[in-house]
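The values are calculated or read from the model by the stated rules, or taken from the named source; none is laboratory data. What you are looking at is a predicted structure, and each value in this text was computed from that prediction instead of being measured. Ideal geometry is used to build each Cβ from the backbone, glycine not excepted, and the neighbour counts take in all protein chains shown. Keep in mind that these areas ignore ligands, DNA and RNA; they rest on the heavy atoms of the full protein, side chains included. Shrake-Rupley method; radii C 1.70, N 1.55, O 1.52, S 1.80 Å.
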Amino acid sequence: MSVAKKEYKRITTKTLVDMKKKGEKISMLTAYDFTMAKIVDGAGIDVILVGDSASNVMAGHETTLPITLDQMIYHASSVVRGITRSLVVVDIPFGSYQSDPKEALRSAIRIMKESGAHAVKVEGGKEIKESVKRILNAGIPVMGHLGLTPQSIYKFGTYTVRAKEEEEADKLKADAKLLEKVGCFAIVLEKVPAKLAKEVAKSVSIPIIGIGAGNGVDGQVLVTHDMIGMTKEFNPRFLRRYLDLDAEMTGAFRTYSEDVKSGDFPNDKEQY
Ligand code: KIV
């Protein structure tokens, strides 16, 4: 059990801001279903992200764009039923908040009301400022997401490191300040140079949670299926694999198949 798990019975958005103040790092992982959420929550992970990466990981799409609001709500409500301690944050999917602030608020309300989650996450800075403000005004906590924002992949054209050039780095720094000013409780910073991420984390009072953003930020997030080795074809430099579940599961499934075919399974004790 982690120190943080003993200290905090239930993680709230305020807990995360307090953790930053105390210099305690924040752990965050994705989950899209009840069973995984129960394990992640039980392990003492502070924040569970119901990411729109479900579009890739669960549904096999190439990008995060196709997943719908209804599908995100289905995943989120399954996750919420599995947790007792973690803060559950849900991505508002592509196309459900970009067109206007009223639509953004409607989507955020549906997520909160129908799933029981605790906060929403949106990608972007200045461009979505009015939508973020509208959601916050309704009392819904918002997590920002800057740097590589996968919902804009067709604009970037590539998943390579963002904000290496001064102009983009300056915009990112300004966007982080803006999201803090309007009232976001935290920001995910994806795939940017570690030096820049550290500078951003120092410049704001809200937690910066990095993915491929180095160790100078306030917490880390990974896609659970990546870190437990279920997505073996995905191998970015920032990913640390803690398990090789692809190999473990393949071995188990092969052995089961052999046992069925040889008549070894079920044995006398495994029947009624
Ligand atoms: O959708 C997701 O899983 C994310 C993380 C990569 C931060 O946004």
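Observations on the model:
- In this structure, VAL188 does satisfy being of a type in the set (Val, Ile, Thr) and within 16 Å of the ligand (Cβ to nearest atom).
- Subset tally (residues that are closer than 28 Å to ALA176 by Cα and not in a loop (DSSP other than H, G, I, E, B)) for the stretch 226-272: 2
- MET72 vs. criteria farther than 27 Å from GLY157 by Cα, crowded, with 19+ Cβ neighbours inside 10 Å and in the same structural domain as GLY214 (by TED's automatic domain parsing): no
- Within the stretch 42-62, one or more residues are of a type in the set (D, E, K, R), buried (at least 19 other Cβ atoms within 10 Å of the Cβ), closer than 22 Å to ILE140 by Cα and more than 11 Å from the ligand (Cβ to nearest atom).
Conditions (1) assigned to a loop (DSSP other than H, G, I, E, B); (2) touching a helix residue (DSSP H, G or I) at 6+ places or on another chain (Cβ under 6 Å); (3) more than 15 Å from the ligand (Cβ to nearest atom), marked per residue:
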residue	(1), (2), (3)
ILE11	yes, no, yes
ASP18	no, no, yes
THR35	no, no, yes
ILE39	no, no, yes
ILE67	yes, yes, no
MET72	no, no, no
VAL88	no, yes, no
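- Residues that are within 15 Å of the ligand (Cβ to nearest atom), open to solvent by less than 30 Å² (accessible area, probe 1.4 Å) and under 19 Å from ILE39 (Cβ atoms) within the stretch 228-249 comprise ILE228, THR231, listed in sequence order.
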